[in-house]
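Please read the structure below before turning to the comments.
Read-outs: derived from the displayed coordinates by stated rules, not from any lab. No experiment lies behind these values; they were computed from the predicted model shown. So basically every Cβ, Gly included, is an ideal-geometry build from the backbone, and we count neighbours across all protein chains shown.
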2 protein chains.
Amino acid sequence: MTSLTAPPSAAPATGGTSAGTPVLPSTGALRPLGLDEVRVTGGRWARRQDVNARATLAHVEHWLEREGWLGNFDAAVEGRLPHDRRGREFSDSEVYKLLEALSWEHGRTGDAWADARVRAITARVAAAQEPDGYLGTMFGRPGQAPRWSALEWGHELYCLGHLVQAAVARARTVGTDDDLVRVAVRAADHLCDVFGPGGVESVCGHAEVEPALVELSRVTGERRYLEQARLFVERRGHHVLADVEYGRSYFQDDVPVREAPVLRGHAVRATYLAAGTVDVAVETGDDGLLDAVRRQWARTVARRTYVTGGMGARHQDEAFGEDFVLPPDRAYAETCAGIGSVMLAWRLLLAGGGAGAARYADLVERTLDNVVAASPSHDGRRFFYTNTLHQREPGSVPPEDVAVGRAASSLRAPWFGVSCCPTNVARTVASLGGYVATTDDDGLQLHLHLGAEVRAALPDGTPVDVDVDVEEVDGVDGVVRVRVLADAPRAWSLSVRVPGWAAGAVLEEPDGPAGGRPVDPGTAVVRRAFRAGDEVVLRLPTAPRLVRADPRVDAVRGAVAVERGSEVLCLESVDLPGGAHVDRFRLDPSAAPRVEDGLVVVRGRLLPDDEDGDAAGGDPGAAGAWPYPGAGTEAAPLGEPVDVVLRPYEGWGERGPATMRVWLPVAGADDASAAVGD
Amino acid sequence: MTSLTAPPSAAPATGGTSAGTPVLPSTGALRPLGLDEVRVTGGRWARRQDVNARATLAHVEHWLEREGWLGNFDAAVEGRLPHDRRGREFSDSEVYKLLEALSWEHGRTGDAWADARVRAITARVAAAQEPDGYLGTMFGRPGQAPRWSALEWGHELYCLGHLVQAAVARARTVGTDDDLVRVAVRAADHLCDVFGPGGVESVCGHAEVEPALVELSRVTGERRYLEQARLFVERRGHHVLADVEYGRSYFQDDVPVREAPVLRGHAVRATYLAAGTVDVAVETGDDGLLDAVRRQWARTVARRTYVTGGMGARHQDEAFGEDFVLPPDRAYAETCAGIGSVMLAWRLLLAGGGAGAARYADLVERTLDNVVAASPSHDGRRFFYTNTLHQREPGSVPPEDVAVGRAASSLRAPWFGVSCCPTNVARTVASLGGYVATTDDDGLQLHLHLGAEVRAALPDGTPVDVDVDVEEVDGVDGVVRVRVLADAPRAWSLSVRVPGWAAGAVLEEPDGPAGGRPVDPGTAVVRRAFRAGDEVVLRLPTAPRLVRADPRVDAVRGAVAVERGSEVLCLESVDLPGGAHVDRFRLDPSAAPRVEDGLVVVRGRLLPDDEDGDAAGGDPGAAGAWPYPGAGTEAAPLGEPVDVVLRPYEGWGERGPATMRVWLPVAGADDASAAVGD
């Protein structure tokens, strides 16, 4: 057993040791700053953190009680299982993710309410822990399947992984002298007994315990957990799990992680596993393993990622499609896969630093702003589980008081039968400060551009305190103003990411040229002996941008997406004349998008409204009944020009049922084939 | 109980009463001709019938024995159920579909082997029938779920529907004095007792028993079966089944069939239900009900049908997507849904006749030639379950001796865990003669153009015997020569369908203009007092045709498909230089396709081969890593012109693992967005 009487290496967050951060490698190019060092102070993400604190956390706890998933622990204590068990096999994990979210919230704000909720829920969870450390409400009791008897689908280790992550959050914010930490350590010791050398040589069907165990090793100093995570990572891919309908790639048991060329299978499983693999590689100094994940990430980003940053195209198995299979229709792009992608890219950034850091942070930014931010409603009480890029039918209004299936209305739902996303959003938003900035020996790196106050020091004590203010220009973040708060005894480097989308950005610096200097996407560095009051200003382009896709993404040929700042925009039917279906819109290539009153306006024309036209009367001989005419056939003429507003994708569906699309066909593209053979 | 001592209205096929046909309405615009009246004599479908007889039927029986699905009936008799039961809940139905296929085969050829197999298998099935008429190996015994306790997923009525269809085939080919007919009648009587007025007011989760019961009513003259089918049709849509993960639209229990605007949900269920609804509407004279299906069909064809005729876009629930969601990628287009679509369109044709008949027959032809024909390998021993229009990865070689999952290699598999398609193909191919021609009071209508001998008479005895010969021109069916075999005592009308794809067709007729007259797509009629030796010749265009899709089918914008005759063509990597991936091909719009040595050749250029290029080295900063560049960014230059062969889609995947696509992007379409904003 791991003893906690010997103080572990972690210290409470109040010590300013950057402990309060979701990922804290013991080594690596960049050192993340914690919630005690970075405070999000303004802008969209500050508002989202506020909504998360005020609304989402209580909303989640309400539903966990209401659905009985919290009550499962009480039922275990009272011997009422399996009879009274509610929810799916992984419902325990939602309780643990709430614990993690509350722990970060307490660490972020010191809020006594959050701390009290952690303690109250922990008490109910702890009461259900078995004498040998096992914890779980789904297996092992009379009338239940035996423990570990359903590794493919049972999610037992997955749930324990989230328990451990919650404990890590607690350890990094209040220290390890904590009931939740003790519960998790006992559970981790037990699972190491079961799955360690000489034990069950298998893995969990859903990766998650891998990164969790490495993090627990980091906060406790106990290498046994790291070794167990390493075993799990190395075992997978050797067909240690039974085959399933979707194939072993579903849970990445098809190919060893060192040999896989790309992420595949279930997108949440794939990104969690890759994140845990980076953790193992970093802590064991295994560069080959780290390079394997880097290659997989690069190919996945280049070939299997939506323009929003969303990952996972398929509904059937919530999985990545083959390369370039990225249909906007029914894009799955699960919120949790977006979070997994953020976890992965951030770890690669910390491990690698250097020129690549900006590319990793670009994806973190894109995914946070367009997937993670899109999930919760602005009031924090409704969620998207999937994040399609094309909503063809408005769908029905989800009920207020019933958990729904995971797809696919244009309106967010308060809860789901499988409700991983709300709790995952909650823990991510609460800990967002941990993804903003890092330090190395030479200075401070700002990765996400949001209003923040950073108070940190380099290893030699040099203070690198800055205040970051982001000003809107024409309704979008346009000026990132970094003000140094403390005199430094020596020169240090302030690195500011210039986003990949920010061609034409300008950097102003003390004693620099008037009007600043152009900076290319990547990392802009200002090195000097900063004085309090020094300002570095990054001016970002604010014009809307049209982007196209790799020609191999068949599903969006002839269409463009419009972006502005870090946000992908979309068209909703509520912004079209008469609420016309978005599929009737064609972008006019002769008119550049413009900004009016802070909103992006594009010009286009509408296809004729033939709703029910081709089915009218049921005459099967009616013109247009067969939708594949000769290539030379002229398409229906477009209507008069209309100007329409595009809005950030993250906020779509907030104005009632609507059709929506991100990719806008260009007028003329429908007729591209008409010229053929002429 | 229905008594069979009173002779029913059906007569054995030898009587030349058009009894040997899969669908035989008691009323309607057109009277189908049976297998005794139409013999398929030449061309592709004659070869396919031959392969079906020589290879597929025995192959299917072999696998039914091997997998134990036939043995389930023996196990039932011997009291070894549920312990020894093998296969899924619907495995009985595969045995019944084999019985139907063998019955049609016997009816088509008089082959004693087929008759003997029917009798042998029937004996094993009959032995398992319960005293009250119930038949099924999955429910009702100690240790099994009670009968009818799982209507949503149990397939009990679905299986009985296929039993009844087999019996109908038997009744129409050897008469009703037959063991299989007696078994089916007892089962049908029992299910009418259970589900009739005052009984269980529900339906089966998978429609099939509806058309079966109407057909049984037709062959027995017993209206109780018709009434039961009517009840099933009318009940569905009123939420009589429990909701399921995919929603009630999955089994069409979301909206009453009279009110639904379009086919939706599981595509096989939807087409079978619609077919049964037409049967009910025709036999009960319910024009409103018939019109409802006509409207649904028209909208489904216009908005939810692939260019191959395939129906059902989604893997997850084997379901139709929303309107215009027709991605070639992972197009499901289940073989059985194609068969369901043929069943439906044929019934609408029989009911309606007139100008619409050609449109219905167009879809029958397209679906037979490009979906049903694509499923079996040319040797008849391997099958596609799904019929994708875009294969991005060659996939693995299916094992010779193991049933596989239902998707999605580029190679056909010998059997599936869910193996509905092979038996469905077998019964359809064996009975294909029944879909070729019809009569009305005034003459003969030829709907499918394949080599055939028709020997039939009009109600007044006028003989309308013809021999149809189809000659290839440049490797594709180009001349349909109809030779009259008998002098007629009066004028009659010979109607020949001019396919929708056949713009420019020419009809030659006795005493007509030299070189013939142009005929528009639809129906060409020649009316005269035909003499033996008279010829009517339809000359069809044989040039390859480029077609585009409705602009709302986003997934194929900027691409064209190539058709020739009734066949959709495709590009396979084995026909590209070096076996290049088909996704690299761009069709050159300046070069018209041509025909060389009977093969279609198109000119195009290849995108550069950057396989692994953008992932090489794992450098996330490498150019092209993010696949969404600015719209003005130039795409990679195309290579030198290459001429490549396109081949019929139905035969793809016969030459080893390959990538394949039906829709070919046009060179330049990738850059359609580049002009925007310039």
If you put a point 7 Å past Cα along the Cβ direction, how far is that point for A:Arg119 from the same point in each other copy, in nm, smallest first? 8.7
Other copies of B:Glu596: label-to-label distances in nm, shortest first, labels 7 Å along the beta-carbon direction: 5.6
5 angstrom amide H check on B:Arg647, placed H, neighbours 5+ away: B:Cys570, B:Glu572
Quick one: what are the phi-derived ³J(HN,Hα) couplings along the range A:57-62, Karplus 6.51/-1.76/1.60 with θ = phi - 60°, whole Hz, x for glycine and proline? 4, 5, 4, 5, 4, 3
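Let me spell out the model: positive unit charges on the Cβ of Lys and Arg, negative unit charges on the Cβ of Asp and Glu, origin at the Cα centre of the range A:13-435. What dipole size does that give, in debye rounded to 20? Write out the running numbers ahead of the final one.
Working: 48 positive and 55 negative charges, 185 e Å.
That gives the range A:13-435 a dipole magnitude of about 880 debye.
As a test of understanding, state the convex hull volume per residue of the protein assembly as shown from its alpha carbons, in Å³. All intermediate terms of the calculation are to be shown ahead of the outcome.
Numbers: hull volume 226.3 nm³, N = 1356.
Considering the Cα atoms of the protein assembly as shown, their hull volume per residue is 167 Å³.
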Apply the Karplus curve 6.51 cos²θ - 1.76 cosθ + 1.60, θ = phi - 60°, to the phi angles in the range A:574-582 and return the couplings in whole Hz, x for Gly and Pro. 5, 9, 9, x, x, x, 4, 4, 4
Inter-copy label distances at B:Asp291 (7 Å, Cα→Cβ; nm, one decimal): 7.3
Rounded, prolate or oblate: which fits the range A:421-557 when a ≥ b ≥ c are the square roots of the eigenvalues of the alpha-carbon gyration tensor, with rounded for a/c under 1.5 and prolate only if a/b beats b/c? oblate
Charges on Cβ only, +1 for Lys and Arg, -1 for Asp and Glu, centred on the Cα centroid of chain A; of A:Thr308, A:Trp69, A:Val666, which one is farthest towards the dipole's positive end? A:Trp69
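Need one value for A:556-565: mean number of C-beta atoms belonging to other chains within 10 Å of its residues' C-beta atoms.
Numbers: counts 6, 14, 13, 6, 8, 3, 1, 2, 0, 0.
Averaged over the peptide's residues, the number is 5.
Given the rule -39500 (n - 2.57) for each run of at least 4 DSSP H residues, summed and divided by the residues of chain A, what is its mean residue ellipticity at 222 nm, to the nearest 500 deg cm²/dmol? Write out the running numbers ahead of the final one.
Details: 14 runs with 197 residues, N = 678.
For chain A, the value works out to -9500 deg cm²/dmol.
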Scoring chain B by relative contact order with C-alpha pairs under 8 Å, at least six apart, yields a percentage of 13 percent
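Which loop-located trypsin sites (Lys or Arg not before Pro) does the range B:417-521 contain, where loop means any DSSP state but H, G, I, E or B and the Cβ has at most 15 other Cβ atoms within 10 Å?
On the way: sites: B:Arg427, B:Arg455, B:Arg481, B:Arg483, B:Arg490, B:Arg497; in loops: B:Arg455, B:Arg490.
Listed in order of number, the matching sites are B:Arg490.
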Please arrange B:Trp663, B:Trp346, B:Trp113, A:Trp148 by how many other C-beta atoms lie within 10 Å of their C-beta, fewest to most. B:Trp113, A:Trp148, B:Trp346, B:Trp663
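So which GluC sites (Glu not before Pro) in the range A:195-242 pass both tests, a DSSP loop state and at most 16 other Cβ atoms within 10 Å of the Cβ?
Working: sites: A:Glu201, A:Glu208, A:Glu215, A:Glu222, A:Glu227, A:Glu234; in loops: A:Glu201, A:Glu208, A:Glu222.
Passing both the DSSP loop test and the Cβ count: A:Glu201.
What is the dipole size for the range B:135-266, taken about its Cα centre, with +1 at each Lys and Arg Cβ and -1 at each Asp and Glu Cβ, in debye to the nearest 20? It would help to have the intermediate numbers written out before the result.
Working: 15 positive and 19 negative charges, 46 e Å.
Here the range B:135-266 has a charge dipole of around 220 debye.
Starting from the Cα gyration tensor of chain A, take the square roots of the eigenvalues, sort them a ≥ b ≥ c, and report rounded, prolate or oblate (rounded when a/c is under 1.5, otherwise prolate if a/b is larger than b/c, else oblate). It would help to have the intermediate numbers written out before the result.
Values: a/c = 1.81, a/b = 1.24, b/c = 1.46.
Verdict is oblate for chain A.
How would the range B:556-675 be classified by its alpha-carbon gyration tensor: rounded, prolate or oblate, with rounded meaning a/c under 1.5 and the a/b versus b/c comparison settling the rest?
Cα axes put the range B:556-675 in the prolate bin.
In what sequence do B:Met660, B:Met311 fall when counting other Cβ within 10 Å, fewest first?
Details: B:Met660 23, B:Met311 31.
Going from sparsest to densest Cβ surroundings: B:Met660, B:Met311.
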Cβ density ranking, 10 Å radius, fewest first, applied to A:Ser431, B:Ser409, B:Ser396 yields B:Ser396, B:Ser409, A:Ser431
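Quick one: net charge around A:Val479, please, counting Lys, Arg +1 and Asp, Glu -1 for every other residue with C-beta under 9 Å from its C-beta. Walk me through the numbers on the way to the answer.
Values: positive: A:Arg481, A:Arg539; negative: A:Asp469, A:Glu471, A:Glu472, A:Asp477.
Net local charge, A:Val479 excluded: -2.
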